[in-house]
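Here is the structure we will look at, set down as C-alpha cells.
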Amino acid sequence: MKILLKQSIIIIYLYIMLFPLITHSQIENNSFLKQEFNLAGKHTQETQFYMMKSELITYALNGKRIGKDIFTLYLKYAPAKNTRTGGDEYTCTKFLMKQGDSTEVSIPALANWSYFYREAIDDKNQVFGINHSKFENLKDITGKAIAQDKSYHIYNTFIDFHSFCNVFADRTTDGNGIQDLKKIGQKIVHAAAFSEPPTNLGKNIADGSFFKNGEITLEFKGVSVVNNKQCALLDVDSGESSFKMIMNITPEIEITTIGSSHYKGDIYKDLFSNWVQKVTFDEIVICETTMPMPPNKINSVVERNILILNVSKEEFFDF
C-alpha cells in the first residue's frame, strides 16, 4: 500500500509540474495559428513543373454516367530571368486526351508549345496570353480531327490552370484579392466576382457567347503540408455562374448551349516560395443545348473534377 501511495503521489506531482509546460505549448501553437500571414509575397525564381488532370463526366437525366473524358496537361514554368525575351514563360510539354474507353492519345500541335503569361486581355480578346489559333483544327497523334466541343475543353484546361494558380492564388492589382487575407478564417469577395471573361475561341464560337462568374469568394481556411512544404489552405467558391455558348458547326448549322455551373476548390500555396503546390476543385454544370435538327433540344449534367500538382523535374518527365 505504501508503495502504491508513493507512486500515486509521484504521478500527481509530475502532472502538476508538467501541466504548465503542456499548456504553454498549446498556447504557442494557438498563437501561431492566430498570427498574421503574408499570402501575396513574391514567387521564388525557380522553374516549376505542374501536372494537371481534368475529368469530365457526363450524366443522363436518370443519373446514369454516359461518358467520361480525361484531359492531362504537363506545364512547365520558366521565370523571366531564365527566358531570352525576359517574360514569364509557360511550356506545354505534352497534352493527352482520353475519351471513354478509347486509347489515350497525345495532341502534337500542343507539344512543346510555349507562351508568355499575361494578366490583361489583349487586343484579340485573348486571356492569359493564350493564342486562340492553337486550338483550331486540332488533331490527335493518329491524325483524327478533334471535335469542336473537345477542343474547347482542351483550351479551357489552360484557363482553369491560370485561374486557380494565378488569379486566385496571386495578388490582384485592382480589387480584393489574396493580399487581403491576413488571418485564418478571413473571407473576401474576390475581384473576379461577377466578371465575364472572353469565351470566343476562333471562328467556331460566335459573338454573344459568354461565361459569367457568380459571387466568387476566397477564404483562408488554415494551414496544411504538401510536398513537405508548409502551405496556406485557401477555399474558392464561384457562387452561381451562368453561360451561353453559340457554336458554329458549319456556316449553316448553329448550336446554342445555355446553362449554369457551380465550382468549389482548395488551393495549397507554399508560405515560403509562394508557389501553388496543389489544387483540387469540382464543378457541376447543368445545361440545355438547342440544335436545328432532331432531337432539337438536349439536356445534360456534367461533373468536372480537377487535380493540379506541383511536381519535381524527375516526376514531371517520368509520368
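The values are calculated or read from the model by the stated rules, or taken from the named source; none is laboratory data. These numbers come from a predicted model, not from an experiment. We place every Cβ from the backbone using ideal geometry, glycine too, and count neighbours over all the protein chains shown. For the accessible areas, the whole protein counts, side chains as well, though only heavy atoms, and no ligand, DNA or RNA atoms are used. Shrake-Rupley method; radii C 1.70, N 1.55, O 1.52, S 1.80 Å.
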Inset, instruction - At 1.4 Å probe size, with no ligands or nucleic acids counted, give the accessible surface of Ser106 in Å², nearest ten. - result: 40
Legend entry - Longest site-free stretch - the chain; sites: GluC sites (Glu not before Pro), DSSP loop, at most 10 other Cβ within 10 Å: 37-251
Inset, instruction - Enumerate the whole-percent occupancy of each 10 Å bin, from 0 to the last occupied one, for all C-alpha pair distances of the range 185-302. - result: 13, 32, 27, 18, 9, 2
Legend entry - Nearest 10 degrees, 0 to 90: helix 2-34 Cα axis against the chain principal axis: 40
Legend entry - Tensor-based shape of the range 178-230 (alpha-carbon gyration tensor, a/c under 1.5 rounded, otherwise prolate or oblate): oblate
Inset, instruction - Determine the sum of side-chain charges near Asn125: Lys and Arg each +1, Asp and Glu each -1, restricted to other residues whose C-beta is under 12 angstrom from that of Asn125. - result: -3
Legend entry - Stokes-Einstein D (µm²/s) once Rh is taken as the Kirkwood radius of the chain over alpha-carbon pairs, at 4 °C in 1.567 mPa s: 58
Legend entry - Proximal lysines relative to Lys297, as straight alpha-carbon distance under 30 Å, when same-chain residues fewer than 8 apart are discounted: Lys64, Lys68, Lys98, Lys139, Lys144, Lys150, Lys203, Lys212, Lys244, Lys264
Inset, instruction - As a check on your grasp of the helix formula, calculate [θ] at 222 nm for the chain: sum -39500 (n - 2.57) over DSSP H runs of n ≥ 4, divide by the residue count, round to the nearest 500. - result: -5500 deg cm²/dmol
Legend entry - Linear extension gain, Glu196 paired with Thr91, 0.36 nm per residue minus alpha-carbon span: 35.2 nm
Legend entry - Label-point separation, Asp149 to Gln230 (7 Å along Cα→Cβ), nm: 4.8
Inset, instruction - Using a 10 Å Cβ count of at most 15 others and DSSP loop calls, identify the longest part of the chain lacking such trypsin sites (Lys or Arg not before Pro). - result: 184-319
Legend entry - Folded to 0 to 90 degrees: helix 148-162 orientation relative to the chain principal axis, Cα: 30
Inset, instruction - Go ahead and set up a Gaussian network model of the chain, Cα springs under 10 Å, then flag whichever of Ile298, Ile70, Ile308 fluctuates most. - result: Ile298
Inset, instruction - Please work out the average accessible area per residue across the chain, using the 1.4 Å probe convention, and give it in Å². - result: 55
Inset, instruction - Keeping every protein chain in place, order Leu307, Leu75 by accessible area at 1.4 Å, biggest value first, i.e. largest first. - result: Leu307, Leu75
Inset, instruction - Would you work out what percent of the accessible area of the chain, with all protein chains in place, is carbon or sulfur (probe 1.4 Å)? - result: 55
